[in-house]
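Peer 1: Sharing a structure with you now.
The values are calculated or read from the model by the stated rules, or taken from the named source; none is laboratory data. Everything numeric here is computed off the predicted structure, so don't read it as measured data. A quick note on method: Cβ atoms are made from the backbone with ideal geometry, for glycine too, and the neighbour counts reach across all protein chains shown. Calculation scope for accessible area: heavy atoms of the full protein, side chains included, ligands and nucleic acids excluded. Shrake-Rupley method; radii C 1.70, N 1.55, O 1.52, S 1.80 Å.
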Amino acid sequence: MGTRVALTFRARLTAGLVVLAVVAACGNEKSEPNPIAATVGAAAASTFAKMKARQSGKAAATPAPITRADIEKAGVPVLRAAIPSRGTDGFLTIADNKGDVVTWKTPEGTSFALRNGVLTQTRGLGPDLMSSNVPSLGQLLQAGGTYQRQYFFLGSDDQSTRRTYDCTATTVGTEVIEIFSRSHTVTRVTEDCVRPQGTKIQNEFWIEGRTVRKSRQWASAMIGHVEFERVVD
């Protein structure tokens, strides 16, 4: 069952990336190739090749790496999202921006809403995070600060389930990270959360000023963690 769901998601993500490439190409009035189409098209081809190789038991050819120059030519904000448990990795663009909540989306409907870089909900993944109460950047950056997180999920009976965690933020220190050939000086924060029943989760944030430049955030028990990189602002 888990394998079937994962393959379905990979197929949907690939289809979405292909559609994004086509839309980007159609929106380009110049005769030169549209950079976002080329970039996303390469990501889609790589995802599709990996999916077919996994099904056939053969090794997929290694595609040419996507560079920062490829991405920046698009002239739009770009977020990279990866779900290790499902073997997916793709680029997203902004679908909606309401105050401090930004929704990043693929054309077929898979989306991630983040409040100041902190994941609040997902759509299109199957076992979605419907909504959540999350910490502010100030709370994350307050060393030793404690607070509660609340996650809301929709069960198989269409009833909402709430999970409450007691969380503590710990500042690990200052680091220099690299995202697509660009260095960023960030503050690394580890967030440890535990339920009264003893279930634990951990999130990690690499914060540059008031921007979450990179993060590893838990979405649900079935999805696991989602990794984000803010590639282009």
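Peer 1: When you go through (1) among the hydrophobic types (A, V, I, L, M, F, W, C); (2) open to solvent by less than 20 Å² (accessible area, probe 1.4 Å); (3) in contact with a helix residue (DSSP H, G or I) (Cβ under 9 Å, 6 or more places away or on another chain); (4) within 27 Å of PRO77 (Cα to Cα) one by one for PHE180, which number turns out not to apply?
Peer 2: Checking PHE180 against (1) among the hydrophobic types (A, V, I, L, M, F, W, C); (2) open to solvent by less than 20 Å² (accessible area, probe 1.4 Å); (3) in contact with a helix residue (DSSP H, G or I) (Cβ under 9 Å, 6 or more places away or on another chain); (4) within 27 Å of PRO77 (Cα to Cα), the one that fails is (2).
Peer 1: Next question, about the same structure. Based on this model, can you work out whether SER132 counts as at pLDDT below 95 and among the small types (Gly, Ala, Ser)? Talk me through it step by step, then tell me what you get.
Peer 2: Details: at pLDDT below 95: no; among the small types (Gly, Ala, Ser): yes.
Taking the combined requirement at face value, the residue does not satisfy it.
Peer 1: Give the residue, chosen from LEU154, LEU129, LEU141, LEU137, that is within 15 Å of the chain's Cα centre (by Cα) and not small (Gly, Ala, Ser). If you could, list the steps in order and put the result at the bottom.
Peer 2: On the way: LEU154 fails: within 15 Å of the chain's Cα centre (by Cα); LEU141 fails: within 15 Å of the chain's Cα centre (by Cα); LEU137 fails: within 15 Å of the chain's Cα centre (by Cα).
When all the criteria are applied, what remains is LEU129.
Peer 1: If you don't mind, there's one more thing I want to ask. Are any residues in the range 75-97 farther than 16 Å from ASP233 by Cα and either among the basic types (Lys, Arg) or open to solvent by 20 Å² or more (accessible area, probe 1.4 Å) (or both), and if so, which ones? Working first, answer last.
Peer 2: Of the range 75-97, the ones farther than 16 Å from ASP233 by Cα are 82-90.
Once the filter is applied, which keeps residues that are farther than 16 Å from ASP233 by Cα and either among the basic types (Lys, Arg) or open to solvent by 20 Å² or more (accessible area, probe 1.4 Å) (or both), the range 75-97 yields PRO84, SER85, ARG86, GLY87, ASP89.
Peer 1: Mind checking which residues of the range 147-164 are of a type in the set (Ser, Thr, Tyr), surrounded by 11 or more Cβ atoms within 10 Å (Cβ to Cβ) and either in contact with a Cys (Cβ under 8 Å, 6 or more places away or on another chain) or free of Cβ contacts under 8 Å to residues at least 12 places away in the same chain (or both)?
Peer 2: Hits for the range 147-164 are TYR147, THR161.
Peer 1: Which of the residues belonging to the range 105-145 are of a type outside the set (A, V, I, L, M, F, W, C), on the phi < 0 side of the Ramachandran plot and in a loop (DSSP other than H, G, I, E, B)?
Peer 2: Those that are of a type outside the set (A, V, I, L, M, F, W, C), on the phi < 0 side of the Ramachandran plot and in a loop (DSSP other than H, G, I, E, B): THR106, PRO107, GLU108, THR110, PRO127, ASP128, PRO135, SER136, GLN142, GLY145.
Peer 1: Further, regarding this structure: Is it true that THR110 is of a type in the set (Ser, Thr, Tyr), in contact with a Gly (Cβ under 7 Å, 6 or more places away or on another chain) and at pLDDT below 90?
Peer 2: Values: of a type in the set (Ser, Thr, Tyr): yes; in contact with a Gly (Cβ under 7 Å, 6 or more places away or on another chain): yes; at pLDDT below 90: yes.
When the stated conditions are applied, THR110 passes them.
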